[in-house]
Amino acid sequence: MISLVLLACDGVADAPRGEASAAPVGEVLFLQELGPPLVSRLDLATGVVDTRFSVPSGGFAYEVEAGEGGTFTLAYTAPPTDGGAGFDRSRIVRVNADDTLTDLACADAAGVWCFFPAVLGDRTWFVDGTTLSWVEEPGGEVHPVVPWATEPALADDRVAWVAFEPPNGARSLELGDAEGTWLRTLVPAGTLDDLARPFFSADGAAVYFVVPTPTALTRLDLLVPRARAHGSHDVPGDWWRVSVEGGEPEQVTFLDTVHYDGRAAEDGRHFVTATREGLVVVDLLAGTADTTLELRTARSVDWIE
C-alpha cells in the first residue's frame with residue numbers, strides 16, 4: 001500500500017485536518033479494460049482480489065455499476081453474432097449472480113451506443129447516444145430526459161450530469177430532481193478547463209468531479225484545440241467538488257494523475273478513485289490517498305452494497 005499526502009490544507013473545508021488515517025471497510029467492484037475485460041472484486045480489509053465476471057472473447061465493457069445480491073450493470077458490447085465486424089455498438093445489461101445477462105436498454109444493433117449506467121432503486125439511468133435517459137423495466141420503455149448530456153450521477157432525490165454544448169463541446173455540471181427536471185447549474189461552461197465523471201458525496205450535499213491539470217498552451221494548441229479528459233482519456237487531473245446548493249467549486253486532491261472514475265464510501269469520509277496507477281482510496285479527514293491496488297487497467301469502480 002502506497003500512502004500519498006494530499007497537499008491542499010483546505011481540501012476539506014468542513015472537516016479538521018491531521019486526523020489519523022482510517023482504512024475504509026467493505027468491498028469495491030472494478031472493471032479492468034483488458035482484452036477481454038474483467039469485472040473484479042477487491043476486499044479492502046484483506047487486499048484479496050477475485051474475478052467476478054469475464055467478458056467473452058470478442059466483446060467489451062465500458063462502465064460498471066454495483067447492484068444488490070451480487071448483481072451489477074454494464075455498458076456492454078457482446079461478441080458479434082450477425083456476421084458484423086463487432087465493437088460497433090454497446091447496450092446496457094445487468095449481470096446476474098449466476099453470470100447470466102438481462103438486457104435493460106438499447107438494441108443489440110450496429111451504430112447503437114449506450115453508456116454510463118447508474119442505478120437507483122428500480123430505475124436505471126444511462127446515456128443513449130447523446131441523451132440522458134432512464135428505464136425501469138428490463139427492455140421496457142426508455143424515457144429520454146435531457147439532450148446533449150452524459151455521465152449521470154445519482155443521489156436519493158437528485159441526478160447530476162455533464163452537459164455539453166455542440167458544436168464546441170464546452171462542458172458544464174448540471175443538477176436535476178429525481179425525474180431529471182433541471183434545478184440549477186452547478187459549474188457553468190467555461191468556469192473550469194473541463195470536467196468529467198461526477199459522483200455525489202455520501203450525504204448528497206456535494207458533487208465531486210475530475211478537472212484536468214492546467215497546462216501551458218503551445219502554438220499548436222492555438223491552432224488545434226487540445227482534446228481534454230472525458231472520463232477515459234489519458235489526461236492528468238484531480239478531483240474537485242461543489243455544493244449542490246451552488247457556490248464556488250474547490251479542488252480536493254492534488255495528485256496530478258489520470259483519474260478514470262470515482263465513488264464515495266457510505267462512511268462519508270472516504271472515496272475510491274480508479275487512477276493510472278491503480279485503485280486509490282482518499283481519506284478526506286486525514287488528507288491522505290492510499291494506493292490499495294496497483295494496476296494500470298482499472299477504468300470504472302463502485303462500492304459493493
Ordering 114-120, 41-47 by per-residue average of other C-beta atoms within 10 angstrom, highest first, gives 114-120, 41-47
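Given a 1.4 Å probe and every protein chain left where it sits, what share in percent of the accessible area of segment 88-165 is carbon and sulfur?
On the way: 1650 of 3370 Å².
Whole-percent figure for carbon plus sulfur exposure: 49.
Please give me the summed charge of the neighbours of Pro236: other residues whose Cβ is under 9 Å from its Cβ, Lys and Arg +1, Asp and Glu -1. Each step should come with its number before you reach the end.
Details: positive: Arg276; negative: Asp234, Asp238, Asp256.
Residues close to Pro236 contribute a combined charge of -2.
Dipole of the chain, Cα-centred, from +1 at each Lys and Arg C-beta and -1 at each Asp and Glu C-beta, to the nearest 20 debye? List each step's numbers first, then the result.
Values: 20 positive and 47 negative charges, 188 e Å.
Around 900 debye, computed over the chain.
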FRET efficiency for Gln251 and Glu305 from the Cβ-Cβ distance with R0 = 25 Å, rounded to 0.05, comes out at 0.30
The distance between the Cα centres of segment 231-271 and segment 192-207, in whole Å, is 6 Å
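Rank these by accessible area, largest first, 1.4 Å probe: Asp234, Asp193.
Details: Asp234 110, Asp193 85 Å².
Largest to smallest exposure gives the sequence Asp234, Asp193.
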For the chain, the charge dipole (Cβ of Lys, Arg +1; Cβ of Asp, Glu -1; about the Cα centre) points to a positive end, and the Cα of Phe60, Thr73, Val95 closest to that extreme belongs to Phe60
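With charges only on Cβ, +1 for K and R and -1 for D and E, what is the dipole size of segment 67-174 about its Cα centre, in debye, rounded to 20? Before the final figure, lay out the partial values.
Details: 6 positive and 17 negative charges, 68 e Å.
For segment 67-174, the charge dipole is close to 320 debye.
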Ranked output for segments 273-280, 150-157 by mean other Cβ atoms within 10 Å, highest leading, reads 273-280, 150-157
With the 1.4 Å probe rolled over protein heavy atoms, the chain has an accessible area per residue in Å² of 45 Å²
With +1 at each Lys and Arg Cβ and -1 at each Asp and Glu Cβ, the charge dipole magnitude of segment 34-127 around its Cα centre, to the nearest 20 debye, comes out at 140 debye
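The values are calculated or read from the model by the stated rules, or taken from the named source; none is laboratory data. The shown structure was predicted, so the numbers you read here are calculated from the model rather than taken from an experiment. Every residue, glycine as well, gets a Cβ built from its backbone with ideal geometry; the counts of neighbours run over all protein chains shown. Just so you know, the surface numbers come from the protein's heavy atoms only, side chains and all, with ligands and any DNA or RNA stripped out. Shrake-Rupley method; radii C 1.70, N 1.55, O 1.52, S 1.80 Å.
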